[in-house]
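Participant: Take a look at this one; I'll ask things after.
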């Protein structure tokens, strides 16, 4: 029954996708309005199919229908409800199912948003591309990644194997994968419009405006997904870190890097009409990297190059990736000459030049992550040589790039477009730079060590001071010109240019994360000790004593918790219980760390072994500085993204009596928006 | 030179001096790594032999715990980095090292990103130079008038 509903729904979605894609493509190619309108009708069909398939799977999971292989392998009778639901994305087939649903939702939302432009070939081609992508994923589920395969044995088992032990240990599992997928999948929309722009030859700024919101939404979800992933790994994996540069993490970082580059370079095209090919390439690369990431993480190629041929899915993904990359290259090549733009950049000290530098660094960052992830695979495949690349490489290569990006983030937002004068620079940078250097001096005086760390603290402060000055000057000008209170002035100022101020809020989040990464990568104190009952150990001011172990057994798992009393400076901070659990389905025990979080640092307790013959447990105690600011920074980035999505509200300009003050407000607003002031001596001429 | 600009020069000079002092302090201080930092660095540079994609620092597998203990002992005994890691390379092979070899084909892993930044930076610099030499267009009164007229219509339509 559920299997029938599921398989029928998948077939429905795939049929809808192929029909819609073909009808739309034919209609758009012939400029036939009736075909284009008909093609759109298939979008709801795909959505209904996707919802039906996911509903059937959730029904099967929650009713423990072990006649389905997927349910049998990923759920057990004792699995708590939350992890029964999240089992949908606990393994390959279910993840692709979720991918299909999210994609169908994006396509439907896009079709709804552009309903008034259904006769526009740009929209029709874009929808056709989206449906083509959807077709690939639904075909994958009808082929090598069928979530509704029957269980092998003819007798339905009474109990399942349960989810992977690591995936039923923390509630973040409910949020991290869907967020990440919402990010990955969302980039299908800008990709489809980029391809549509290439096909229709309308690759001006139109497709950028059409996809600005979709790109932002996808980028926001991906950002949150990555941060939640780091948090999950910190709270669950128990080694005290949040980022191990493993291929799965790198796969999520890659599209984020190119997408972030795009978020910046898009402004150069909007303003100056330059970088058309580059922007198209970045969007296509972002989408291609989401597919590459899926290939790396889902085909088994990481464990061994030779493993991926065991499942067909790797081949399917690789072929799809090839089609995307080659198809896009051919399209760009065919349009080559028409894509050239006559733009120029007037001065290296301008906003657009800073964006170019930003893009260079993001591209280098992405290249580092890509090579570091893929090189071992290539070395093994081509030369049968086993090589590992890990944290030392990524640290050495990304730290200078990160410092460079922090520097740009401090300087670029105050640079005007086109050109700048030394007076403007001095005016806008002197105080923030002084703040940055002062912070450096203070941190060094308090014992900070490490070039990268000190640079990150100083540049972070430089950046925050610049953003603070930006807000302060704008609010001040509005208050003077319009006699508004601080709150109202700030609110209206943001409403007047949400993209700018939202972007600056995102920058605040990035600074928090950058500083937290610098601190935690440089100043973590860690000890691994064996403790018997009553013994204690002191680290970075915390005294941790072992009180004894407690064992609890449930149907889901059996857990040994070590009761650890934590004290600092004579204050009792309570008892923390890191634990080790064994799940009936898993062979290895899973440790669950216990973390005491504070604004300054986290005390991270992780049990590595239960009591041995001498009654000693193995425990790792780490004091990780500023970790909480990673998660706060992630939340601030999400908040900034939401601000960027708020529609801009234009206000009538001031006139008449307030005109004198109005000039000041205009000048200040221009300052904020990065415009060069009218009286600025460096402004020369109109644009070409 | 006006009083305002002189005080600004002083301010920039102070910033410069402070930067130099900070840099010197940091460089002097970062020379000596503590034992704990050395253990952390070395265990990050070795792969856990029984895990996929985890370093000795990141893994809780018993093999990794044993290796961490051996590294700690090596550091305590004052052995060099190579003396500590070589036995692991002998026992598990070259791919136990997480840092690609800078020689041979592994060099491209290090060189490519550097070349990209250097090449891209040079290309940008050349393009900027060429652009800045090309004559700038100067707006005529007719241009200005056209822009003003379009702006006025645009404002009427959007407000």
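Participant: For Cα pairs less than 8 Å apart in space and 6+ apart in sequence, what is the mean separation divided by the residue count of region A:98-246, i.e. the relative contact order in percent?
Facilitator: 30
Participant: Moving to a separate point now. What is the spin-label model distance, in nm, from residue A:34 to residue B:23 if the labels are put 7 Å beyond Cα along the C-beta direction?
Facilitator: Result: 7.4 nm between the two label points.
Participant: Could you work out the relative contact order of chain A? I mean the mean sequence separation of Cα pairs under 8 Å and 6+ apart, divided by the number of residues, in percent.
Facilitator: Computed over chain A, the figure is 11 percent.
Participant: Counting alpha carbon pairs within less than 8 Å and at least 6 residues apart, what relative contact order, in whole percent, applies to chain B?
Facilitator: 14
Participant: Going by alpha carbons, how many degrees (0 to 90, nearest 10) lie between the helix axis of B:107-133 and the longest principal axis of chain B?
Facilitator: Relative to chain B, helix B:107-133 is tipped by roughly 10 degrees.
Participant: Please say if the protein assembly as shown is rounded, prolate or oblate, where rounded means a/c under 1.5 for a ≥ b ≥ c the square roots of the C-alpha gyration tensor eigenvalues, and otherwise the choice is prolate for a/b larger than b/c and oblate otherwise?
Facilitator: Oblate is the answer for the protein assembly as shown, as a/c is 1.5 or above yet b/c matches or exceeds a/b.
Participant: Here's something else I'd like to know. Give me A:463, B:51, A:644 ranked fewest to most by other Cβ atoms within 10 Å of their Cβ, as a rough exposure proxy.
Facilitator: Result, fewest neighbours first: B:51, A:644, A:463.
Participant: To the nearest Å, what is the center-to-center distance of region A:466-502 and region A:30-89, using C-alpha atoms only?
Facilitator: Answer, in whole Å: 46.
Participant: Sticking with this one: Determine the shielding of peptide A:381-391 by partner chains: average, over its residues, the number of Cβ atoms on other chains within 10 angstrom of each Cβ.
Facilitator: Per residue, the average neighbour count from other chains is 6.
Participant: Using only Cα atoms, find the angle between the long axis of helix B:62-76 and the longest principal axis of chain B, and express it within 0 to 90 degrees, rounded to the nearest 10.
Facilitator: 90
Participant: Let me ask another. What FRET efficiency do you get for residue A:430 and residue A:396 if R0 is 45 Å and r is their Cβ-Cβ distance, rounded to the nearest 0.05?
Facilitator: 0.85
Participant: Counting only other chains, and only Cβ atoms inside 10 Å, what mean value do you get across the residues of A:520-532?
Facilitator: Mean partner-chain Cβ count within 10 Å for A:520-532: 2.
Participant: I need the calculated FRET efficiency for the pair residue A:248 and residue A:312, taking r as the beta carbon distance and R₀ as 22 Å, to the nearest 0.05.
Facilitator: After rounding to 0.05, the efficiency reads 0.55.
Participant: Listing B:95, A:612, A:602 from the residue with the fewest other Cβ atoms within 10 Å to the one with the most, what is the order?
Facilitator: Fewest-to-most Cβ neighbours within 10 Å comes out as A:612, B:95, A:602.
Participant: On average, how many beta carbons from a partner chain sit within 10 Å of the beta carbon of a residue in B:108-117?
Facilitator: Shielding by partners across B:108-117 averages 6.
Participant: Also, quick follow-up: First measure r as the distance between the Cβ atoms of residue B:86 and residue B:35, then evaluate 1/(1 + (r/R0)^6) with R0 = 22 Å and state the FRET efficiency to the nearest 0.05.
Facilitator: The formula returns an efficiency of 0.70 here.
Participant: Next question. Can you sort A:82, A:317, A:370 from fewest to most other Cβ atoms within 10 Å of each residue's own Cβ?
Facilitator: Fewest to most other Cβ atoms nearby, the residues stand as A:82, A:370, A:317.
Participant: Please give the calculated 222 nm ellipticity per residue for the protein assembly as shown, where each DSSP H segment of at least 4 residues contributes -39500 (n - 2.57) and the sum is spread over every residue; nearest 500 deg cm²/dmol?
Facilitator: Using -39500 (n - 2.57) per qualifying helix, the result is -21500 deg cm²/dmol.
Participant: Shifting gears a bit: What distance in nm separates the two pseudo spin-label positions at residue A:337 and residue A:325, each 7 Å out from Cα along the beta-carbon direction?
Facilitator: Computed distance between label sites residue A:337 and residue A:325 equals 2.9 nm.
Participant: How far is helix B:141-158 tilted, in degrees, relative to the longest principal axis of the Cα atoms in chain B, given as a value from 0 to 90 rounded to the nearest 10?
Facilitator: Orientation of helix B:141-158: about 70 degrees from the principal axis.
Participant: Ok, one more. What does the extension gain come out to for residue A:650 and residue A:543, with contour length at 0.36 nm per residue minus their alpha carbon separation?
Facilitator: This chain segment gains 32.7 nm when fully extended.
Participant: Residues in region A:586-610 near a label at residue A:78, defined as backbone nitrogen under 11 Å from the 7 Å Cα→Cβ point?
Facilitator: A:586
Any read-out appearing in this document is the output of simple, stated calculations on the displayed coordinates, not a laboratory observation. All of these numbers come straight from a predicted model, not from anything done at the bench. Quick reminder, even Gly has a Cβ in these numbers, built from the backbone with ideal geometry, and neighbours come from all protein chains shown.
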